[in-house]
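Structure record follows, encoded as structure tokens.
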Amino acid sequence: MSRSSTILFIEEHPIVSEWIRSFIATHKPLCRILTVDSHEQALSTLRQEPIHLVITDLESSSQQVTFAFLAVLNGWNPPIPIIALSDTPVEELPAMAGGITVLHKPVDFEVLLELIDTMTLAAQESVLNGISLEHFLQMIEQERKTCTLRIISGYQVGSLYINGGRLIDAKTGALREKKAALAILAWPNCTINLTEKCPVEPVMNLSIHSLLVEWCIVRDESSRNPSPLEAA
């Protein structure tokens, strides 16, 4: 994580705001944390200084204002990653909430800390469109690149960590390592966000070629044996 990472936390309740700010500051001392109590103040702050991550609560007193703010932020240039805390199931969220990472309440703070680590790298990312994840991974393996890929598909966000063209870790939600990588490969219409460094310690050492072969087998088996809902 960059030493210059700045997090903007939007929370209208002062006690909650200070509690979460203190928690993040304790566990991520290299982060600079700015707190505001309204989306108007948030926009003013965003216009004045670089922000690497926004954390906001979807269940604020005015959801209409919240989603209007998210719609503005989704079009921000350069893009800023967003973590939204919510009681609402993903499928019930308005379409304008797309492009954000939803963390359900009660908040799993270990997951929150992992997301902060991953998403504060977003300011250093290159966004790739028009290329499939499978083909891009093949290129990375051939060139023996070291990088982090943050993959976004709708509301789903995952990370692939690659060192010297080999997969050393993968994460999405509660999934880790190879299970996470196979899940990410199944996502449709992915956006690939590339950071040319890999800040994690290896927990595996997997050939990308072998991962893709296994993914092809899993995909073929799924197509031959669809779930009851898909077959209906």
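The values are calculated or read from the model by the stated rules, or taken from the named source; none is laboratory data. Only a predicted model underlies this, so the values are computations on that prediction, with no experimental measurement involved. Note that we place each Cβ from the backbone using ideal geometry, even for glycine, and neighbour counts take in every protein chain shown.
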Pairs, please: C-beta under 9 Å, at least 6 apart or cross-chain, first residue charged (D, E, K, R) and in the stretch 75-99, second part of a strand (DSSP E or B) and modelled with pLDDT of 80 or more?
-> ASP87/HIS104
In the stretch 12-51, which residues are out of contact with any strand residue (DSSP E or B) (no Cβ under 6 Å at 6 or more places or on another chain) and of a type in the set (D, E, K, R)?
-> GLU12, GLU18, LYS28, ASP37, GLU40, ARG47, GLU49
Identify the single condition in (1) surrounded by fewer than 13 Cβ atoms within 10 Å (Cβ to Cβ); (2) at pLDDT 70 or above; (3) small (Gly, Ala, Ser) that ALA95 does not satisfy, given that it satisfies every other one.
-> (2)
Pick out the one residue from ARG3, ARG32 that is basic (Lys, Arg), at pLDDT below 85 and out of contact with any Phe, Trp or Tyr (no Cβ under 8 Å at 6 or more places or on another chain).
-> ARG3
The residue that is nearest to GLU143 (Cα to Cα), considering only those in the stretch 155-190 that are out of contact with any Phe, Trp or Tyr (no Cβ under 9 Å at 6 or more places or on another chain) and of a type in the set (D, E, K, R), is ARG166
Check LEU160 against each of (1) more than 20 Å from ILE83 (Cα to Cα); (2) free of Cβ contacts under 8 Å to residues at least 60 places away in the same chain and name the one condition it does not meet.
-> (1)
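If you take the residues in the stretch 172-201 that are of a type in the set (Lys, Arg) and in contact (Cβ under 8 Å) with a residue 12 or more places away in the chain, which one is farthest from TYR155 (Cα to Cα)? Write out each step before concluding.
Going through the stretch 172-201, the residues of a type in the set (Lys, Arg) turn out to be 176, 178-179, 197.
Add one more test, that the residue is in contact (Cβ under 8 Å) with a residue 12 or more places away in the chain, and what stays is 176, 178, 197.
Details: ARG176: 18, LYS178: 21, LYS197: 25 Å.
In this case the residue turns out to be LYS197.
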